[in-house]
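Comments concern the structure below.
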Amino acid sequence: MSWLGLMPPLLAGAKVTVELTVVSTVLGGLLAFAAGIARASGGRVARGIAVVYIEIFRGTSLLVQLFWLYYALPLIGPSIGAVTTGILALSLNIGAYAAEVVRGAILAVSRQQREAAIALNFNPRQTLYRIILPQALPEMMPPLGNFAVQNLKDTSLVSMITIADLTYQAQNLRNLTLDSVPIYTLTLLLYFAMALVMMAVMRTIEARVKIGGAARPMRA
Amino acid sequence: MTQTTRTDQSPPIIRFSDVTKRFGSLTVLDHFDFEVAQGEKVALIGPSGSGKSTVLRILMTLEPVQSGQIELDGLAYYQPGGHGKFQASPRHLHDIRTRVGMVFQSFNLFPHMNVLRNLTEAPVTVLGLSKEEARTRALDLLEMVGLADKAAAFPAQLSGGQQQRVAIARALAMRPRVLLFDEPTSALDPERVGEVLGVIRDLAQEHDLTMLLVTHEMRFAQEVSDRVCFFDKGRIVEQGPPGELMISPREARTREFLGIDA
Amino acid sequence: MMYGFHWDTSTPWAFALSILPILGIGLVVTIEATILGFVISLILGLGLALLRRARTRWIAWPSAVVIEFIRDTPLLVQLYFLYYVLPKYGILLPAFLTGALALGIQYSAYMSEVYRAGLDAVPHGQIEAATALNLSPTRLYCDIIIPQAIPRIIPAMGNYLVSMIKDTPVLSVVTVLEMLGLARIIGDRTFRYLIPLTLVGAIFLVLTMAATAAIRRLERALPKTGIQMR
């Protein structure tokens, strides 16, 4: 098969990869904020849950987590499809790493800002959402951008639970044609291209969040 | 300078009773007693580490104490059976904080909000004012501190003196009964100090706000306050009307600090 | 049965205990793969870092592109590439070596960054002083730059080591019998996946915590300003 003939199935796989990446990055981001905030400034129960979640998903291998959710979870809980399992594993994994970034950025906002908030009688929730988070956001963006690209790479693992992403398609083609060199070269190039696009996107988001040297400015 | 007579009927607006405050093994206040009358302007002076800033921070509920009681406008800070670091419910702390405001040495303006928003955020969110009411109040206050034209600017665009004046306006926007100043001019270049002191001086004359001022500006303390308290090692060594204490203090330690020969 | 060990599926506890030895053998493979991969990445990474710092653009630029390419493409695909493509060019490696090589290559891109950051962090004034003292380039590197760069480099490398441990299960897709691969085989044969997979997860948790603690210890033992030389 010519190199060009390989493209359609690979591109179909790439489309799935992009979808997986976007969904799991967004979900992971939400988890990261929930867990990061809980660990930085939550009550004891919330903090405890966050710590357990973060340490388990950061301390174990993504592929192990993926297989566990795929093979073991149905035995003790609901049975969800392969795609949902893949998205769940990816989101939980990246959410745990990103949660630490969120937490670090929140803690980095100076104590004096918190004292000013107390002096003005903001309650803890108002302080967090109006004063702390807007200032923490620009700090978080660069590392979160890196995690998004890492997530893109991690989606390749879901090919192991039969999700038809780019890597799965590549394996399929290889089994059919044994034409390894063009197949894997093209696959690598496609991932590289997607990664570059993703980095550009993350950089524009970074720039938008960081206007005037501080977080998105709030005017009265 | 207003002269408040200490024989008036109303109870003190601030009272510290037998307060002990420790930081780790260091005792900063030891069985400390202190009273401030309504509308009084009190200057707290003394060497670093003498406890004067700690008194303000305790009043602002930024620091808990190990023992003793503090009362502000009739409200006791510590409740029997209260929980948490401050032995009081969040509701109770909230009530206390509506009565007291603070101006910090490092201004602590919110960098991600413009000046007007810095002033309106708390009145709208905490006091429940409408946006228009908060805006009107904010603009009046900015007028008062001489920064009406800076309403749309961001803190990073302002000088230190301007930022501190905004900080004072921000604290006033919450209409506290007691306003605390923790070394308001110590972080400013000498040429900026005057504009801030001017605002504080005006404040002292026009309002019957109770003010506690920790400062190293001795001449200013003398000018603006009704009473000066000299702190050393966690105690008030001497206190009295500025005319007396600053010119001819009785205690040797006070004389030493003020550089007055015996 | 595997590796001569029988598993006992009578009760969960019995099952867990009986497969531990098998997983233990997998653990050894995991550790071996990590160490080999790490060493490869250290060497290749240094090479890449030096190439990237080359004076001529014709070497530096392509090196930068290669580094970026390796960093931004998945380990799994790189592994497949090596596994299927190398034999076509006559290079026949056992699966284990292919796996370790893939790990080494993927992480060499990260390592080159670590080297670069560590070397750049040495204050430029030191290099100027050394030049003024007329030290040869070898002395400059061995006595001045490297001892000071090491405390900055070690924590980052340590983190990547822990990261690599967590990446080793990827090798199971090319039949390397590390822990996850063994757990899956046990699961396939007994239809009991929960315990093997949970055990593997727990072992990884312990492993990464131990490795992280060891690295923190090492960090603390190193003086911040560099290896002291007498």
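A few comments on the model shown:
- In this structure, B:Asp95 and B:Ile260 have a Cβ-Cβ separation that, at R0 = 41 Å, corresponds to a calculated FRET efficiency of about 0.40.
- At least 40 Å² accessible surface lost relative to isolated chain, residues of the stretch C:53-72 (1.4 Å probe): C:Phe69, C:Asp72
- Across the alpha-carbon atoms of chain A, the computed radius of gyration and Dmax are 20.6, 72 angstrom.
- Build a GNM of chain A with springs between Cα atoms under 10 Å apart, and of A:Glu115, A:Glu100, A:Glu206 the one that fluctuates most is A:Glu115.
- When the charge dipole of chain C is built from unit charges on Cβ atoms (+1 for Lys and Arg, -1 for Asp and Glu) and taken about the Cα centre, the candidate among C:Trp7, C:Gly24, C:Leu48 whose Cα reaches farthest toward its positive end is C:Leu48.
- Whether the stretch B:94-231 is rounded, prolate or oblate, judged on the alpha carbon gyration tensor where a/c under 1.5 counts as rounded: oblate
- Contact order relative to length of chain A, as percent, for alpha carbon pairs under 8 angstrom and 6 or more apart: 29
- Residue among B:Leu29, B:Gln162, B:Ser225 farthest towards the positive dipole end of chain B, charges placed on Cβ: B:Leu29
- The average projected area of chain B, computed from the convex hull of its Cα atoms over all directions, is 14.8 nm².
- Label separation (C:Glu68 vs B:Asp30): 6.6 nm, computed from points 7 Å beyond Cα along the C-beta direction.
- Within the straight-line cut-off of under 28 Å between alpha carbons, the lysines reachable from B:Lys233 are B:Lys21, B:Lys41, B:Lys52, B:Lys85, sequence neighbours fewer than 8 places apart in one chain being disregarded.
- Accessible area that becomes buried as A packs against C, both chains, 1.4 Å probe, Å², nearest 100: 3200
- Per-residue accessible area (protein heavy atoms, 1.4 Å probe) orders B:Ile260, A:Ile205, C:Ile19 as A:Ile205, B:Ile260, C:Ile19, starting from the largest.
- Taken about its Cα centre, the stretch A:3-215 carries a charge dipole of about 680 debye when Lys and Arg each add +1 at the Cβ and Asp and Glu each add -1 at the Cβ.
- Sequence of C:Tyr141, A:Tyr184 when ordered by accessible area, the most exposed leading, probe 1.4 angstrom: C:Tyr141, A:Tyr184
- Across the stretch C:110-119, coupling constants 3J(HN,Hα) worked out from phi with the 6.51/-1.76/1.60 Karplus curve, θ = phi - 60°, read 5, 5, 4, 5, 5, 4, 4, 5, x, 5 Hz, and Gly and Pro carry x.
- Placing a pseudo-label 7 Å from each Cα along the Cα-to-Cβ vector at A:Leu178 and A:Ala193 gives an inter-label distance of 2.9 nm.
- Rolling a 1.4 Å probe over the protein heavy atoms leaves B:Glu132 with an accessible area of roughly 120 Å².
- The heavy atoms of C:Glu32 offer some 90 square angstrom of accessible surface to a 1.4 angstrom probe.
- Each of C:Asp120, B:Asp95 has its accessible area taken with a 1.4 Å probe; listed largest first, they run C:Asp120, B:Asp95.
- Gained length - C:Ile185 relative to C:Ala95, 0.36 nm times residue gap less alpha-carbon distance: 30.7 nm
- C:Ile35 contributes about 100 Å² of solvent-accessible surface, heavy atoms of the protein only, 1.4 Å probe.
- With a Förster radius of 51 Å applied to the beta-carbon distance between C:Arg139 and A:Thr204, the computed FRET efficiency rounds to 0.65.
- Cα-centre dipole for the protein assembly as shown with unit charges at Cβ (Lys and Arg positive, Asp and Glu negative), debye to 20: 1300
- Sites A:Leu75 and C:Ala202 - FRET efficiency at Förster radius 25 Å, r taken between beta-carbons, to 0.05: 0.90
- Averaging the sequence gap over all C-alpha pairs within less than 8 Å and six or more residues apart, then dividing by the number of residues, gives the stretch A:51-170 a relative contact order of 29 percent.
- Binned Cα-Cα distance frequencies in the protein assembly as shown - 10 Å width, integer %: 3, 12, 18, 18, 15, 14, 11, 7, 3, 1, 0
- Each Lys or Arg adds one and each Asp or Glu takes one away; over the other residues whose Cβ falls under 10 Å from the Cβ of B:His31, this sums to -2.
- Whole-Hz couplings from phi, Karplus 6.51/-1.76/1.60, listed for the stretch A:147-161; x for Gly and Pro: 5, 4, 5, 4, 4, 4, 5, 5, 4, 4, 5, 5, 4, 6, 10
- Here chain A exposes an accessible surface that is 67 percent carbon and sulfur, computed with a 1.4 Å probe and the other protein chains kept in place.
- Dmax and Rg, reported as Rg then Dmax, of the stretch C:12-221 (C-alpha, Å): 20.7, 71
- Dipole of the protein assembly as shown, positive end: most advanced residue of C:Ser136, A:Ser24, A:Asn172 [Cβ charges, Cα centre]: A:Asn172
- Spin-label model, C:Ile35 to B:Ser48: label points 7 Å out along the Cα-to-beta-carbon direction sit 5.4 nm apart.
The values are calculated or read from the model by the stated rules, or taken from the named source; none is laboratory data. This one's a predicted model, so the numbers in the text were calculated from it and none came from an experiment. As a convention, Cβ positions derive from the backbone with ideal geometry for all residues, glycine included, and neighbour counts pool all protein chains shown. These accessible areas exclude ligands, DNA and RNA; they are computed on the full protein's heavy atoms, side chains included. Shrake-Rupley method; radii C 1.70, N 1.55, O 1.52, S 1.80 Å.
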